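Notes follow the structure.
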Number of protein chains: 2
Amino acid sequence: MAPSFAINGAFPSARVTPPSVTGRFAAVYSEVQNSRIDHALPLPSVLKNPFIIVDGPQSSAAGNPEEIAKLFPNLFGQPSAALVPSDSHALPVNQKLKIGVVLSGGQAPGGHNVISGIFDYLQDLAEGSTLYGFRGGPAGIMNFTYSFVYSNMVVWNKYFPFTVMLFGGFDMIRSGRDKIETPEQFKQAEETVQKLDLDGLVVIGGDDSNTNACLLAEHFRSKNMKTRVIGCPKTIDGDLKCKEVPTSFGFDTACKIYAEMIGNVMIDARSTGKYYHFVRLMGRAASHITLECALQTHPNITIIGEEVAAKKMTLKDVTDYIVNIISKRAEDNYNYGVILIPEGLIDFIPEVQHLIAELNEILAHDTVDEGGLWKKKLTDQSLKLFEFLPKAMQEQLMLERDPHGNVQVAKIETEKMLIQMVETELEKRKQQGSYKGGFRGQSHFFGYEGRCGLPTNFDSTYCYALGYGAAALLQSGKTGLISSVGNLCAPVEEWTVGGTALTSLMDVERRHGKFKPVIKKAMVELEGAPFKKFASLRDEWALKNRYISPGPIQFTGRGSDAINHTLLLEFGAQA
Amino acid sequence: MAPSFAINGAFPSARVTPPSVTGRFAAVYSEVQNSRIDHALPLPSVLKNPFIIVDGPQSSAAGNPEEIAKLFPNLFGQPSAALVPSDSHALPVNQKLKIGVVLSGGQAPGGHNVISGIFDYLQDLAEGSTLYGFRGGPAGIMNFTYSFVYSNMVVWNKYFPFTVMLFGGFDMIRSGRDKIETPEQFKQAEETVQKLDLDGLVVIGGDDSNTNACLLAEHFRSKNMKTRVIGCPKTIDGDLKCKEVPTSFGFDTACKIYAEMIGNVMIDARSTGKYYHFVRLMGRAASHITLECALQTHPNITIIGEEVAAKKMTLKDVTDYIVNIISKRAEDNYNYGVILIPEGLIDFIPEVQHLIAELNEILAHDTVDEGGLWKKKLTDQSLKLFEFLPKAMQEQLMLERDPHGNVQVAKIETEKMLIQMVETELEKRKQQGSYKGGFRGQSHFFGYEGRCGLPTNFDSTYCYALGYGAAALLQSGKTGLISSVGNLCAPVEEWTVGGTALTSLMDVERRHGKFKPVIKKAMVELEGAPFKKFASLRDEWALKNRYISPGPIQFTGRGSDAINHTLLLEFGAQA
């Protein structure tokens, strides 16, 4: 391709602040919010100067490449793309693009920054383009044809609400958990993008949403449509990552918010000397958040779900592990401490899963008698576990059901359950004379507080680059890639920008007799550097108090550009 | 008094960093913590230059001055003291002081800063002095004679652990909730301060602890002992304040930490559009924290305990108030929101207090039959309320008792209780056709997270001045005063420093047939500026979404020196 135009040096700022902000955003902001509006986001050097896009070698899949190839006949094998500096741009001249963007799934700090990255790219390198924001997640695309034009959409061409850009949250266009799955839904999406004459669509989401993005890309390509699709890695859980995508956005901010609270609670624990704080942290599928928070704060006890699963620990094993440390600390007169528990802990314990499955079966078909005869229908192992559970937990399992009559696993307050089990076990040991301390548990759940905080400098910059890069990929004609910004432990100028074939992250799962493509969630690797570092230190943290209070996230001055431990340990050597 | 020595201009810094920190504080700190170590604390001008102490007019009491005069024959009527600039100091020459300091009651960010203020004063103006920190609160003073010298004490003369100075928490010497009450305990305290030959004692605490401080001061004075006692106003609850003491330390930091979390949850609520977040905030006796957080964040609904009490609202009234707003919001398609509830809400509702008293009586003397015949012993009003409560609440009231068999009011999770009651009422209205929205409640309790955070710049500076001033008062021979730093909305240089007679804050309460002196808790004034501002805006906040996300506390840059709303509204006109 011949270069279409060339600019040397930095681009002139194309940002235009809207003359007045009205409607739902006509609010007064806090001083810190206002300071973020004025915060100029740095771009990696490669985005500030002319670049060309260079393809890498053909890609494969994370597993079962033959099946992935069948599912994605048009996209399988696509190379990764890297932006590299060039004397001049190789982009179409005077091309006005129409790009759609959608937020999908749970909130993560930085989503608005991705959108503003896309917008700024269009202003800088495709003047006169239009950005469409679909409201309410994928449903905004599917329902588009039903509600009349623009009713579920925001259109930005000249102005962009920079006031909300750095504030966290997805409230600008909201998110949604719908999926584009059925043939009818694909058809609806097809009609919407055709009606809008979209050149591209950016899907900002987690593993499921990016799988969905790739299916859409394949669908559009198979129909020879011009609409390309690019994904962006979003989830505070940190479980969407790979070599080319070192982290998902939002993880950094969420962990730092939780770590601030954990640090405060630690100092409180040490000051009163009489409470054990059990802190449950968001992150159902993987324990990355819990691990990162542990590395930031050095709690006395940290439970990592993946380790519990690998060691096939039972609930009794987990309880004993905690109780042993509490007993040992009591010998040193430390009757206080902080314990971190991942939200998804019980999903990692096979025996609990078995019990719940059996309970669902029994409750669906039998009446539960007060005398407890129904318990005879439980297997020995499940009965033993059921009897081991605190009474309140037993009741919760029996009484709180979802509309289908199933036990509501998500509603189980694991931290309260553990407090009760630990208390019971300590009481037993006290009577046996092997424990002489005093135990008082305090429970906490840190979750919603971290999903919409003001993004850290890292997440702000990372998201902006992800969006800017996604637009570059779209303009270059790429589809089915996930925006990939790397070398993140180096200064921002040195970050790499490109795209990774979504099919290369995929494996298949057998569901209802069919192969379904999935991007496997990245779990905590027990052989990975973050877990190994944690494992090498946890015994010391358990007995000596090595608490660190990270303090609140800073936007200027010292600590404001801190790189999180997970990223540093996994990718720091690159820098 | 003749001036003993004179220094013009700023004092040379007397701070010596200890050559190495060992033991429990030999920790690695976070980058933000380290940045706080280097943070130089400004002093009010009056403390940076030569000053003399000027007495005001004779004082009286907050109530029943005759009784207070009888209880404090030696101290009643003491004038307030103000530090005023002078050509030269009027302080004893070469006087080496021995000062004790004790932390009393719950944690509040800034306690260490008070201690470092005392230490720095001694270094600056009484070189060669020694500061003794009693460990574990007032018990550290009382038990001093039992455990051998220094075992429950920290001694600082040349070095001070500045590394922990700005970190929040009371972990340097810990706190305690014991009181010095009985004649034997006064005797013990007397022996301790004599053994250590103390010139003065600084008691850092809330209303109870400062009452205690005054009783100690009276006791020492009555025995012609040289030991003087000065109090310092500490409590995150913000309910120890008066004209001369505009705020208690810790309130600013705690509110800003909670407001950060509330702001995050607000953006989350607006992003998903499907949850009502019920946030319970610490502060049992007074609702200052809830009010301040409301002014900082603009929630849809805020319950202020003092208003509930003044209007004699029932639990049903509170529920209806919430439900009415939720219904109205549903008409605008807002099926989400944020609701703030003070921790002590149910203490403000008389009918709940009656019910609990009746339950305690019944449970102490009667057996509770499954059939519910016991309920006939409840008065009509209490029975009606009991039946109105959600089942889980009823069970909690019946089952969870303290060691004396009493209902554990503090354990009641008011936010969960309200969610259930609101849900039930909305369900009723839905069936009646007057409500068509969808309701999903999420509960939060923000408490321990705010007591030991890194103090804001305001609390750091305020505490440092409180401690510095307290030492000045002691050196000048003052006793029975509370350290008072005023004009807090003006720049730090213009802050006033002095002491207020503790007896002037006191009233009496009749307990066990005797008059007991008490410093009345400062409640939210319904005629005060903060509540009035809130009341004038809450209807708008209820229906329109005027959320503000204050973001994390900043230590440098914009927003880092923000004065809280309560202080600004109550005292801003002074500046």
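The values are calculated or read from the model by the stated rules, or taken from the named source; none is laboratory data. Bear in mind that the values here come from a model prediction, so they are computed numbers and not experimental data. In this analysis, Cβ positions are derived from the backbone assuming ideal geometry, glycine residues included, and neighbour counts consider all displayed protein chains.
Considering every residue within the range B:289-312, establish whether at least one is under 19 Å from B:Met523 (Cβ atoms), surrounded by fewer than 24 Cβ atoms within 10 Å (Cβ to Cβ), within 14 Å of chain A (Cβ to nearest Cβ) and within 19 Å of the chain's Cα centre (by Cα).
Yes, because at least one residue in the range B:289-312 is under 19 Å from B:Met523 (Cβ atoms), surrounded by fewer than 24 Cβ atoms within 10 Å (Cβ to Cβ), within 14 Å of chain A (Cβ to nearest Cβ) and within 19 Å of the chain's Cα centre (by Cα).
Farther than 30 Å from A:Phe571 by Cα, out of contact with any Asp or Glu (no Cβ under 6 Å at 6 or more places or on another chain), at pLDDT 95 or above and not in a loop (DSSP other than H, G, I, E, B): does that describe A:Ile339?
no
Of everything in the range B:461-498, what is within 19 Å of the chain's Cα centre (by Cα), buried (at least 24 other Cβ atoms within 10 Å of the Cβ) and more than 23 Å from B:Ile37 (Cα to Cα)? Give them in sequence order.
B:Leu481, B:Ile482, B:Ser483, B:Ser484, B:Val485, B:Leu488
Quick check, is B:Leu198 assigned to a loop (DSSP other than H, G, I, E, B), away from chain A (no Cβ under 13 Å), surrounded by 24 or more Cβ atoms within 10 Å (Cβ to Cβ) and not charged (D, E, K, R)?
no
Here's the yes/no breakdown for (1) within 13 Å of another protein chain (Cβ to nearest Cβ); (2) at pLDDT 95 or above:
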{"position": "A:Ser248", "(1), (2)": "no, yes"}
{"position": "A:Asp252", "(1), (2)": "no, yes"}
{"position": "A:Ala259", "(1), (2)": "yes, yes"}
{"position": "A:Ile262", "(1), (2)": "yes, yes"}
{"position": "A:Met282", "(1), (2)": "yes, no"}
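If I ask for residues that are farther than 20 Å from B:Pro57 by Cα and in contact with a Gly (Cβ under 6 Å, 6 or more places away or on another chain), which ones from the range B:478-502 would you list?
Selection gives B:Cys489 alone.
Determine the pairs where a residue that is more than 14 Å from chain B (Cβ to nearest Cβ), located within the range A:173-189, has a partner that is in a loop (DSSP other than H, G, I, E, B) with Cβ atoms under 8 Å apart, the partner being 6 or more residues away or on another chain.
If the second residue must be in a loop (DSSP other than H, G, I, E, B), the pairs left are A:Gln185/A:Lys179; A:Phe186/A:Ile180; A:Gln188/A:Ile180; A:Ala189/A:Ile180.
Quick one: is B:Leu91 modelled with pLDDT of 95 or more and among the hydrophobic types (A, V, I, L, M, F, W, C)?
So B:Leu91 does not fit the description; no.
Could you list, in sequence order, all residues of the range B:471-502 that are over 18 Å from B:Ala217 (Cβ atoms) and part of a strand (DSSP E or B)?
Residues satisfying the conditions are B:Val485, B:Gly486, B:Thr496, B:Val497.
Among the residues of the range A:390-407, are any at pLDDT 80 or above, surrounded by fewer than 16 Cβ atoms within 10 Å (Cβ to Cβ) and part of a loop (DSSP other than H, G, I, E, B)?
no
Residues in the range B:278-300 that are among the aromatic types (Phe, Trp, Tyr) and either over 20 Å from B:Lys416 (Cα atoms) or assigned to a loop (DSSP other than H, G, I, E, B) (or both): how many?
0
Look at A:Ile236 and say whether it is at the interface with chain B (Cβ under 10 Å from one of its Cβ atoms) and touching a Phe, Trp or Tyr at 6+ places or on another chain (Cβ under 8 Å).
In short, no.
So, of the residues in the range A:111-135 that are among the small types (Gly, Ala, Ser) and closer than 21 Å to A:Lys48 by Cα, which turns out to be nearest to the other protein chains (Cβ to nearest Cβ)?
Here the residue is A:Ser116.
Tally time: how many residues in the range B:503-557 are assigned to a helix (DSSP H, G or I), loosely packed, with under 15 Cβ neighbours inside 10 Å and more than 14 Å from chain A (Cβ to nearest Cβ)?
Of the residues in that region, 4 qualify.
Just one of (1) without any contact (Cβ under 8 Å) to a residue 24 or more places away in the chain; (2) under 24 Å from the mean Cα position of the chain (by Cα) trips up B:Phe458, so point out which.
Only one criterion in (1) without any contact (Cβ under 8 Å) to a residue 24 or more places away in the chain; (2) under 24 Å from the mean Cα position of the chain (by Cα) is unmet by B:Phe458, namely (1).
Given the structure, is A:Lys328 exposed (fewer than 15 other Cβ atoms within 10 Å of the Cβ) and within 30 Å of A:Arg270 (Cβ to Cβ)?
yes
Exactly one condition in (1) within 14 Å of chain A (Cβ to nearest Cβ); (2) under 17 Å from B:Ile419 (Cα atoms); (3) in a helix (DSSP H, G or I) is not met by B:Asp317; state its number.
For B:Asp317, the exception is condition (1).
Just for the range B:423-460: of the residues that are over 25 Å from A:Met261 (Cβ atoms) and in contact with a strand residue (DSSP E or B) (Cβ under 7 Å, 6 or more places away or on another chain), which one is surrounded by the most Cβ atoms within 10 Å (Cβ to Cβ)?
B:Phe439
Considering only residues of the range B:360-389 that are among the polar types (S, T, N, Q) and without any contact (Cβ under 8 Å) to a residue 40 or more places away in the chain, which is surrounded by the fewest Cβ atoms within 10 Å (Cβ to Cβ)?
Only one residue fits best here, namely B:Thr367.
Look at the range A:372-411 and say how many of its residues are aliphatic (A, V, I, L, M) and under 14 Å from A:Leu355 (Cα atoms).
Residues meeting the conditions: 9.
What are the residues in the range A:25-73 that are closer than 26 Å to A:Met172 by Cα and assigned to a helix (DSSP H, G or I), if any?
Within the range A:25-73, A:Phe25, A:Glu31, A:Val32, A:Gln33, A:Asn34, A:Ser35, A:Arg36, A:Ile37, A:Leu47 qualify.
Could you list, in sequence order, the residues of the range A:479-512 that are among the small types (Gly, Ala, Ser), more than 17 Å from A:Phe72 (Cβ to Cβ) and either assigned by the TED database to the domain that holds A:Ala294 or touching an Asp or Glu at 6+ places or on another chain (Cβ under 8 Å) (or both)?
Result: A:Ser484, A:Gly486, A:Gly498.
Filtering the range A:26-45 down to residues that are in contact (Cβ under 8 Å) with a residue 24 or more places away in the chain and touching a Gly at 6+ places or on another chain (Cβ under 9 Å), which residue is farthest from the other protein chains (Cβ to nearest Cβ)?
The extreme case among them is A:Pro44.
From the list B:Phe119, B:Phe134, exactly one residue is crowded, with 23+ Cβ neighbours inside 10 Å and over 22 Å from the mean Cα position of the chain (by Cα). Which is it?
Just one listed residue meets the conditions, B:Phe119.
Just wondering, is there one or more residues in the range A:351-359 that are surrounded by fewer than 18 Cβ atoms within 10 Å (Cβ to Cβ) and in contact (Cβ under 8 Å) with a residue 40 or more places away in the chain?
No; the residues of the range A:351-359 include none that is surrounded by fewer than 18 Cβ atoms within 10 Å (Cβ to Cβ) and in contact (Cβ under 8 Å) with a residue 40 or more places away in the chain.
Here's the yes/no breakdown for (1) within 28 Å of the chain's Cα centre (by Cα); (2) among the small types (Gly, Ala, Ser); (3) not assigned by the TED database to the domain that holds B:Asp237:
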position: B:Val323; (1), (2), (3): no, no, yes
position: B:Ala330; (1), (2), (3): no, yes, yes
position: B:Gly344; (1), (2), (3): yes, yes, yes
position: B:Ile349; (1), (2), (3): yes, no, yes
position: B:Ile356; (1), (2), (3): yes, no, yes
position: B:Asp366; (1), (2), (3): no, no, yes
position: B:Lys377; (1), (2), (3): no, no, yes
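Given the criterion at pLDDT 95 or above and either within 14 Å of chain B (Cβ to nearest Cβ) or under 20 Å from A:Leu41 (Cα atoms) (or both), identify the matching residue among A:Ala139, A:Ala108, A:Ala82.
From the options A:Ala139, A:Ala108, A:Ala82, the qualifying one is A:Ala108.
Being away from chain A (no Cβ under 14 Å) and touching a Gly at 6+ places or on another chain (Cβ under 6 Å) is the filter; apply it to the range B:443-477 and report the residue that is nearest to B:Leu125 (Cα to Cα).
B:Tyr468
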